[in-house]
Amino acid sequence: TITRTWNVMDACGNPAITRTQIITVDDNTAPVLAAAPADVAVECIGEVPVMTDLTWTDNCDAGGSVAGVDGPLVGGACGGTITRTWNVMDACGNPAITRTQIITVDDNTAPVLAAAPLALLVSCIEDVPGMINLPWTDNCDAGGSVAGVDGVLVGGECGGTITRTWNVMDACGNPAITRTQIITIHDLIPPMVTTGIVASCYDSQSAA
């Protein structure tokens with residue numbers, strides 16, 4: 001409070017009755033924060049937008065700007081939310097209405113496997129090439145490489161196939177498109193006789 005006082009005396013020193021006015025200063029108006037950014041959805045934790053400041057104004061204070069605070073990731077990186085909150089109070093402790101932004105983190109993009117080798121025809125089961133790894137990439141994970149798996153020989157060694165398959169999932173369980181290579185085993189090469197007898201002379205008596 002401020003007490004405003006008026007006093008006066010006449011020429012003979014007689015004082016008038018004092019007059020007073022009580023001025024009460026009481027700031028109970030909250031400051032006003034600017035609107036929060038719109039809610040946003042991202043696929044990777046690394047794509048969460050950087051923190052921003054919100055401006056605020058007040059009836060008595062000069063106003064300014066304030067940074068938000070991120071709550072914990074609730075639900076995990078494969079389907080969770082972060083609540084970003086902005087709060088401010090004026091010099092008299094009047095709080096502004098809290099502003100919030102919901103950031104959803106939900107990775108639903110599958111990783112990408114490199115192309116499989118081309119289909120292959122071999123003559124013998126022993127000619128089936130050794131297993132190779134295929135590299136893969138992902139929007140959120142670091143990627144890597146994965147070995148394939150051979151299915152059973154269907155049809156037999158004289159005319160059959162092996163299906164070689166590569167599969168991978170990212171950390172959120174999103175499966176890549178399966179890559180396959182068909183290896184056909186078909187022996188079309190006839191046997192060859194490579195041994196014989198070489199003689200220098202023909203002895204008819206011995207032959208008889």
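For the reader, a short list of remarks on this structure follows.
- Percent antiparallel among DSSP beta bridges (both partners in the chain, rounded to 5): 85
- Projecting label points 7 angstrom from Cα along Cα→Cβ for A115 and V128 puts them 2.5 nm apart.
- Nearest-20 debye value, the chain charge dipole, Cβ charges on Lys, Arg, Asp, Glu: 460
- Carbon-plus-sulfur accessible fraction, segment 1-126 (probe radius 1.4 Å, protein heavy atoms only): 59%.
- Packing-based order for 19-28, 51-60, 69-78, using average beta carbon neighbours within 10 Å, highest first: 51-60, 69-78, 19-28
- Förster radius 35 Å - calculated FRET efficiency between T20 and A91, Cβ distance, rounded to 0.05: 0.80
- Charge dipole (the chain, unit charges on Cβ, about Cα centre) - positive-most of C172, A67, A41: A67
- Against the empirical 2.2 N^0.38 Å (N residues), the chain has a Cα radius of gyration ratio of 2.58.
- A crude spin-label estimate for the pair C12 and M169, with each label 7 Å from Cα along the Cβ direction, gives 10.7 nm.
- Distance in nm between pseudo-label sites at T81 and I182 (7 Å out along the Cβ direction from Cα): 5.0
- From phi via Karplus (6.51, -1.76, 1.60), per-residue ³J(HN,Hα) for segment 161-166 in Hz, x at Gly/Pro: 9, 10, 9, 9, 10, 10
- HN-Hα J in Hz across segment 168-180 - Karplus 6.51, -1.76, 1.60, θ = phi - 60°, x for Gly and Pro: 7, 10, 7, 5, 9, x, 7, x, 6, 5, 5, 10, 9
- Per-residue Karplus couplings for segment 83-97, computed as 6.51 cos²θ - 1.76 cosθ + 1.60 with θ equal to phi - 60°, are listed in order as 9, 9, 10, 10, 9, 7, 10, 7, 5, 9, x, 7, x, 6, 5 Hz, Gly and Pro entered as x.
The values are calculated or read from the model by the stated rules, or taken from the named source; none is laboratory data. What you see is a predicted model; the values in this text were computed from it and never measured. FYI the Cβ positions are ideal-geometry reconstructions off the backbone, even for glycines, and counts take in every protein chain you see. We work out accessible area using only protein heavy atoms, side chains counted, and drop any ligands, DNA or RNA first. Shrake-Rupley method; radii C 1.70, N 1.55, O 1.52, S 1.80 Å.
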